[in-house]
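Below: the structure, in structure tokens.
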Amino acid sequence: LSGTSANAIFEGPLAGGRGSWVASVRRSYLDFLLDRIDPEGSFGFGFSDALGKVTFDVTPRHQVQLLTIAGRSTFDEAPEDITVNDEAVPRSRAWLAAATWRFTPGPRLAVTQRVYATGMRFRNVNEHDTLLDGGEASDLAWRGDVTLAPSARWIVDLGGDGVRTRAANTRQRTLDAAVTPVVLSDYTASGRASSVYGRITARLGRLRLAPGARFDYWQPTDVTTTSPWI
């Protein structure tokens with residue numbers, strides 16, 4: 001327990017120690033405290049979320065992980081402080097689910113592949129429960145990473161990902177005291193994105209050098225960028 005939220009975490013082993021699991025839940029009560037302290041206050045914010053993860057060693061070389069996270073938040077604005085075009089109750093929800101496979105054939109090589117989906121949705125309404133802003137976004141993706149250590153002084157990291165993304169947004173306002181709000185924007189867009197990266201880490205005595213580069217491509221805008229670093 002804290003001054004603003006409560007959190008509980010549970011964890012334990014699986015299959016005689018070949019795996020483990022962890023789960024957590026959290027809920028804020030800052031909005032309840034503010035309402036008790038100052039019932040005429042101007043705002044209140046609250047959130048809740050939960051996490052679950054399972055890790056299991058199928059064999060000494062193969063490991064599987066499952067992860068899921070979900071959360072929501074709400075913001076309440078006092079009606080006397082807002083107009084018909086101001087948000088009275090914005091709400092948002094977000095989630096993530098991922099499955100990971102990790103292959104370690106030896107102490108010098110590790111290969112990780114991950115498939116995941118993530119998304120969010122929000123809805124902002126005025127004091128009459130009329131939609132002002134709303135939208136959602138989601139990604140479905142694959143990512144792969146390889147770490148190779150040919151010697152104690154050299155480490156090579158390679159990887160890439162591919163993402164299918166989708167987004168939608170609606171925005172409307174009441175103009176000139178009209179009863180029905182006017183739609184200012186309403187769109188849905190989708191596209192692909194991908195990236196690859198490489199890095200070499202060299203230990204030269206007390207000095208460590210890590211040059212690398214990343215390449216990204218966004219299909220909706222047809223943009224390719226390069227990010228070198230050292």
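Pop out the ³J(HN,Hα) list for region 120-136 in order, Karplus 6.51 cos²θ - 1.76 cosθ + 1.60 with θ = phi - 60°, rounded to Hz; leave Gly and Pro as x.
For region 120-136, the Karplus-derived couplings read 8, 8, 9, 8, 10, 10, 8, 5, 9, 6, 8, 5, 9, 9, x, x, 8 Hz, x marking Gly and Pro.
Leaving out ligands, DNA and RNA, and with a 1.4 Å probe, what % of the accessible surface on the chain is carbon or sulfur? Could you put the intermediate results ahead of the total?
Values: 8820 of 14850 Å².
That share works out to 59 percent.
Rounded to the nearest 20 debye, what is the charge dipole size of region 10-72 about its Cα centre when +1 sits on each Lys and Arg Cβ and -1 on each Asp and Glu Cβ?
Approximately 440 debye in magnitude.
List the trypsin sites (Lys or Arg not before Pro) within region 164-229 that DSSP assigns to loop and that have no more than 14 neighbouring Cβ atoms inside 10 Å. Walk me through the intermediate numbers first.
Values: sites: R164, R166, R171, R173, R192, R199, R203, R206, R208, R214; in loops: R206.
Qualifying residues, ordered by number: R206.
Lys/Arg Cβ at +1, Asp/Glu Cβ at -1, dipole of region 151-223 taken about the Cα centre: which of S194, L204, I155 is farthest positive-ward?
Going by the Cα projections, it comes out as L204.
Summing -39500 (n - 2.57) over the DSSP H runs of n ≥ 4 in the chain and dividing by its residue number, what mean residue ellipticity at 222 nm do you reach, to the nearest 500 deg cm²/dmol?
It lands at -1000 deg cm²/dmol.
Of the options V183, P228, F122, report the single residue whose Cα projects farthest towards the positive end of the charge dipole of the chain (beta-carbon charges: Lys, Arg +1; Asp, Glu -1).
P228
Give me the extension gain from R153 to A70: residue separation times 0.36 nm, minus the current Cα-Cα distance, reported in nm with one decimal. Working shown, then result.
On the way: separation 83, 0.36 × 83 = 29.88 nm, distance 4.08 nm.
Value of the extension gain: 25.8 nm.
Regarding region 129-188, what is the average projected area of its C-alpha convex hull, in nm²?
7.2 nm²
How high is the FRET efficiency between I230 and F56 when r is their beta carbon distance and R₀ equals 35 Å, given to the nearest 0.05?
Working: r = 38 Å, r/R0 = 1.09.
The calculated FRET efficiency here is 0.35.
Excluding Q172 itself, calculate the net charge of residues whose Cβ lies under 13 Å from the Cβ of Q172, where each Lys or Arg counts +1 and each Asp or Glu counts -1.
Working: positive: R123, R171, R173; negative: E87, D133, D186.
Taking every other residue near Q172 into account, the sum is 0.
How long are the semi-axes of the equivalent ellipsoid of region 171-230, taking √(5λ) for every eigenvalue λ of the Cα gyration tensor, in whole Å from largest down?
49, 15, 7
Taking the Cβ of V125 as the center, what net charge do the other residues with Cβ under 14 Å away carry, scoring Lys and Arg +1 and Asp and Glu -1? All intermediate terms of the calculation are to be shown ahead of the outcome.
Details: positive: R91, R121, R123, R171, R173; negative: D76, E77, D86, E87, E127, D129, D133.
Here the count lands on -2.
Of A6, P90, G17, which is farthest on the positive side of the dipole of the chain, counting Cα position, with +1 on Lys and Arg Cβ, -1 on Asp and Glu Cβ, and the Cα centre as origin?
Among A6, P90, G17, the one farthest towards the positive end of the dipole of the chain is G17.
Sort the following peptides by mean Cβ neighbour count (other Cβ atoms within 10 Å, averaged over residues), highest first: 107-117, 181-191.
On the way: 107-117: 14.5, 181-191: 11.8.
Descending mean neighbour count gives 107-117, 181-191.
What is the local net charge at S151, summed over the other residues whose Cβ is closer than 12 Å to its Cβ (Lys, Arg +1; Asp, Glu -1)?
Around S151, the charge tally is +3.
How much area per residue is accessible in region 64-115 when the probe is 1.4 Å and only protein heavy atoms are counted (Å²)?
For region 64-115, the solvent-accessible area averages 58 Å² per residue.
Would you mind pulling out the separation of the Cα centroids of region 182-230 and region 1-79, in Å?
30 Å
If H128, H62 are ordered by their accessible area, calculated over protein heavy atoms with a 1.4 Å probe, which sequence runs from highest to lowest?
Solvent-accessible surface, decreasing: H128, H62.
Only Lys, Arg, Asp and Glu count, each charged at its Cβ (+1, +1, -1, -1), so figure out the dipole size of region 38-127 about its Cα centre, rounded to 20 debye.
1360 debye
Determine the dipole magnitude for the chain: charges of +1 sit on the beta-carbon of Lys and Arg, -1 on that of Asp and Glu, nothing else is charged, the reference point is the Cα centre, and the result goes in debye to the nearest 20.
Rounded to the nearest 20 debye, it is 2160 debye.
Given that just one value was derived from the coordinates, which of (1) 19.3; (2) 22.0; (3) 18.6 is Kirkwood radius over Cα pairs in Å?
Only one option fits the structure, namely (2).
The values are calculated or read from the model by the stated rules, or taken from the named source; none is laboratory data. Please read these numbers as outputs of a predicted model, since none were measured by experiment. So basically every Cβ, Gly included, is an ideal-geometry build from the backbone, and we count neighbours across all protein chains shown. Side chains included, ligands, DNA and RNA excluded: accessible areas come from the protein's heavy atoms. Shrake-Rupley method; radii C 1.70, N 1.55, O 1.52, S 1.80 Å.
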